[in-house]
1. Along each of the three principal axes of the Cα atoms of region 14-124, give the extent in whole Å, ordering the values from largest to smallest.
2. Over the Cα atoms of region 16-64, what is the Rg over Rh ratio if Rh follows Kirkwood?
3. Would you kindly find the accessible area of Asp96, with a 1.4 Å probe and non-protein molecules such as ligands, DNA and RNA excluded, rounding to the nearest 10 Å²?
4. Under the √(5λ) rule applied to the eigenvalues of the Cα gyration tensor, what semi-axes describe the equivalent ellipsoid of region 72-116? Give them in Å, descending.
5. Using modelled backbone amide H atoms (1.01 Å from N, in-plane), which distant-in-sequence or interchain residues come within less than 5 Å of Val43's amide H?
6. Using the beta-carbon distance between Thr113 and Asp27 and R0 = 45 Å, what value does 1/(1 + (r/R0)^6) give for FRET efficiency, to the nearest 0.05?
7. Rounded to the nearest 0.05, what FRET efficiency do Met14 and Tyr105 give with R0 = 45 Å and r taken as the Cβ-Cβ distance? Could you check?
8. Sort Arg82, Arg46, Arg115, Arg108 by heavy-atom solvent-accessible area, probe 1.4 angstrom, most to least.
Amino acid sequence: MLDAAVSLLEQSYMVTVTDIAARTGLDVPTVARALDALDPVYVDFRKTTTGGDPRFWYVYKVTPAARRAVAQWPTAQTLVQRLADELTAAAQQEIDSERHGLLIYAARLIGDTLREVAERAAEHVLSPALGETELPVPEPLPVPEPLPAADQAGPGEAGSAGVGGARPDPTDSAPPPLPEAAPFPVFTSDDDTAERAPGDAE
């Protein structure tokens, strides 16, 4: 199951449950349950909105742990052994006697004399790639702050509200009083110049 997923992902950017079922000969529900159990340690298994039909659910990618499990990802030990083997094979093909001796010597150093040191070096080289891949956790969207409540200004206080406060209500205050009218002038005749005493009849 895992081997099929890893192999198929070498040929495509994603692999459906149907693809893996065809490769392994298993039925679709069995493959879907197995992939669900392998997620997220070994595979990134994604379920599309197909009304529960698993045929089009797919594996988006596999983790380094999956490649190590199916021997498609080298360990420090296997890498050192492979280097030693490749140097030995290159020595057998070398016709120059000096280079032949150097290749044999290098293969012996890596595969035997300095094998422990070589494995530690290989482990340091492979350690960034061998780290487990963790899927990013989506951060929650920020919640917008509530708008400031409008100031509830009482009658006569509408004008004191600051920015964001209630608008002044023109009906909250009475209109200013009108100025007093000047006394209407009294015009008298020219012959009415004498000062009248109080109580005099006109």
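1. Result, largest extent first: 69, 28, 18 Å.
2. Reported Rg/Rh, Kirkwood definition of Rh: 0.94.
3. Solvent-accessible area, nearest 10 Å²: 70 Å².
4. Working: eigenvalues 93, 29, 4 Å².
In descending order, the three semi-axes are 22, 12, 5 Å.
5. For Val43, the qualifying residues are Thr63.
6. Values: r = 53 Å, r/R0 = 1.18.
Once rounded, the FRET efficiency stands at 0.25.
7. Numbers: r = 47 Å, r/R0 = 1.05.
It comes to 0.45.
8. Sorted descending by solvent-accessible area, the residues read Arg82, Arg108, Arg46, Arg115.
The values are calculated or read from the model by the stated rules, or taken from the named source; none is laboratory data. Keep in mind it's a predicted model, so treat the numbers as computed, not measured. As a convention, Cβ positions derive from the backbone with ideal geometry for all residues, glycine included, and neighbour counts pool all protein chains shown. Heads up: the accessible areas ignore ligands, DNA and RNA and are worked out on the full protein's heavy atoms, side chains in. Shrake-Rupley method; radii C 1.70, N 1.55, O 1.52, S 1.80 Å.
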